[in-house]
1. Looking at the range 281-309 only, could you name the residues that are crowded, with 18+ Cβ neighbours inside 10 Å and acidic (Asp, Glu)?
2. Six or more apart or on different chains, Cβ atoms under 9 Å: show the pairs whose first residue is in the range 335-347 and over 14 Å from SER249 (Cα atoms) and whose second is among the small types (Gly, Ala, Ser).
3. Filtering the range 347-361 down to residues that are aliphatic (A, V, I, L, M) and either under 30 Å from ALA260 (Cα atoms) or modelled with pLDDT of 95 or more (or both), which residue is surrounded by the most Cβ atoms within 10 Å (Cβ to Cβ)?
4. If you take the residues in the range 155-201 that are assigned to a helix (DSSP H, G or I) and hydroxyl-bearing (Ser, Thr, Tyr), which one is nearest to GLN397 (Cα to Cα)?
5. How many of the residues making up the range 27-77 are under 30 Å from GLN431 (Cα atoms), among the acidic types (Asp, Glu) and in contact with a helix residue (DSSP H, G or I) (Cβ under 6 Å, 6 or more places away or on another chain)?
6. I want to confirm something. Restricting to the range 326-346 and keeping residues that are over 18 Å from TRP243 (Cα atoms) and among the basic types (Lys, Arg), which single residue is surrounded by the fewest Cβ atoms within 10 Å (Cβ to Cβ)?
7. Quick check on the range 243-275: of everything there that is of a type in the set (Asp, Glu) and within 19 Å of GLN343 (Cβ to Cβ), which residue is farthest from the chain's Cα centre (by Cα)?
8. Could you tell me which of the residues GLU127, GLU163 is more than 16 Å from ASP41 (Cβ to Cβ) and either at pLDDT 95 or above or among the charged types (D, E, K, R) (or both)?
Amino acid sequence: MKRPSIRRAFAIACLLSSASLTAAPLDILARYQLALQHDSDYQAGKADAQARQKADLLNRAQLLPSISANLTYFDNSLQTSTDTSSRFDKYPSSSSNLSFRQPLFRLPSYYSYLQGRAERRSGELLERKVDQDLVVRLASIYLNVTTAQFTLGAIEQQLAAAEGQHNAARASMVAGQGTRVEVDETRARMDLLKVQLVEATEALSQARQRLSDMTGNEEIEVLKLDPNKIALAPLGEWALADWVEAAESANIDLKRAAEAIKIAEREVDKSWSSRLPTADLVAQRSVSSSDNIVNPGARFENKQIGVVISVPLYQGGYAGARYKQANAELRKARAQYDATRKQIALAVRASFSGVVEGAQKVRALEQAELSAAQVLKSTQMGVRAGTRSQLDVLNAQQAYANTLVSLNRERVNYVIARLSLRALAGQLDAQGLEEVNSWLAS
């Protein structure tokens, strides 16, 4: 009975192995789901954002009642001596205290609570930013792998063509129809392509490693951009001014900068109010047994309720220095907001240009591809007619391959520019990858 089981297990293993070898590459949406679980930068950013969102709860606790209890128990050895006598007592003692405190007037704590609310809103914005950055980073890294694969493939084709041209040149020279110059030049071109092949192979290896580190998946194959699926169209009917306006009202970084101003303003209020008195309602109950060396056997019970007022009189200049420091930090936050607004406007203009001009570059390179292909065809016909050399064919092949590489790179840049523009305007989420995923093909 063991033989069929072994055969069956071996057959299943073979099927699974062949299936894994022929499995389709993961698309960008599948990689996104993996990145949610394995990307370290995303996990760290999420944890940071969630920690910031607890700031209001922490600061609100300063305004709420606090209750504490203390219990003590001791074994005492008491020796009492006078001029005429000496006494030694050994006895246990215990005490307990239950205390209730409710802040009545604490402006610094109130401003800390308002500050915590601003920090919570900033944390919520940071969480959205982390989600948004993951989309852009994953798309960039994924498409960088496709670019590296395409570049490597183009160089491999050029190298194969160069080897063919070199062999043809040598054959022509042996037959007395070619020259040594063509042999040497095709050889030099072939050697240069071998160097480029090593560089392209390393670039692809690094790109794949970055994608693997981000997604925790060792599957190295990716889908390619399908030129027939990419929509070379603007994002809606908005002009540049509309995108800048949208970014100024919805950009996450700018919103966080605005919350930073509110946090700094509350810090100024908090430092100013630290000079004011504070008032707390206090109620407590204390019970002690044999806790008095004058009367070791006594038991005391004390109940208190009242108001505790604390007035800061002098703190060595701390309050004044902290107030000036908080005002300086407020000026810094306002300046950073203005700088962020300007940087975002520039980034919007760059991304908008990347979409509009990127589409124009892609169309121009598509036409250049057709022209380069025609030049290559004509050059090959010229070799057969005796008007062109093998080196001319090699140059035409290199020009055609370079055009294809540039075209692929511009398509990737166009896709990233679309995502970046939507991110700057606060309009990008995980659904933005669905459009990119629809442009991929095996």
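The values are calculated or read from the model by the stated rules, or taken from the named source; none is laboratory data. Please read all numbers here as calculations on a predicted model, not as lab measurements. Using ideal geometry, Cβ is built from the backbone for each residue, glycine included, and neighbour counts are taken over all protein chains shown.
1. ASP291
2. The qualifying pairs are GLN336/ALA257; GLN336/ALA260; ALA339/ALA257; ALA347/ALA247; ALA347/SER420.
3. Taking the range 347-361 first, the residues aliphatic (A, V, I, L, M) are 347-348, 350, 355-356, 359.
Applying the additional criterion that residues be either under 30 Å from ALA260 (Cα atoms) or modelled with pLDDT of 95 or more (or both) yields 347-348, 350.
Details: ALA347: 17, VAL348: 23, ALA350: 13.
Looking at the filtered set, the residue picked out is VAL348.
4. As a first pass, look at the range 155-201 and keep what is assigned to a helix (DSSP H, G or I): 155-174, 180-201.
From what's left, hydroxyl-bearing (Ser, Thr, Tyr): 172, 186, 201.
Details: SER172: 20, THR186: 12, THR201: 20 Å.
Among those that are assigned to a helix (DSSP H, G or I) and hydroxyl-bearing (Ser, Thr, Tyr), it is THR186.
5. Going residue by residue through the range 27-77, those that are under 30 Å from GLN431 (Cα atoms) are 27-54.
Subset that is among the acidic types (Asp, Glu): 27, 39, 41, 48.
Okay, now just the ones that are also in contact with a helix residue (DSSP H, G or I) (Cβ under 6 Å, 6 or more places away or on another chain), so 27, 39.
Residues flagged as under 30 Å from GLN431 (Cα atoms), among the acidic types (Asp, Glu) and in contact with a helix residue (DSSP H, G or I) (Cβ under 6 Å, 6 or more places away or on another chain) within the range 27-77 amount to 2.
6. ARG331
7. Going residue by residue through the range 243-275, those that are of a type in the set (Asp, Glu) are 245, 248, 253, 259, 265, 267, 269.
Now narrow it down to the ones that are within 19 Å of GLN343 (Cβ to Cβ): 245, 248, 253, 259.
Values: GLU245: 25, GLU248: 22, ASP253: 13, GLU259: 20 Å.
Here the residue is GLU245.
8. Details: GLU127 fails: more than 16 Å from ASP41 (Cβ to Cβ).
Within the list GLU127, GLU163, the selection yields GLU163.
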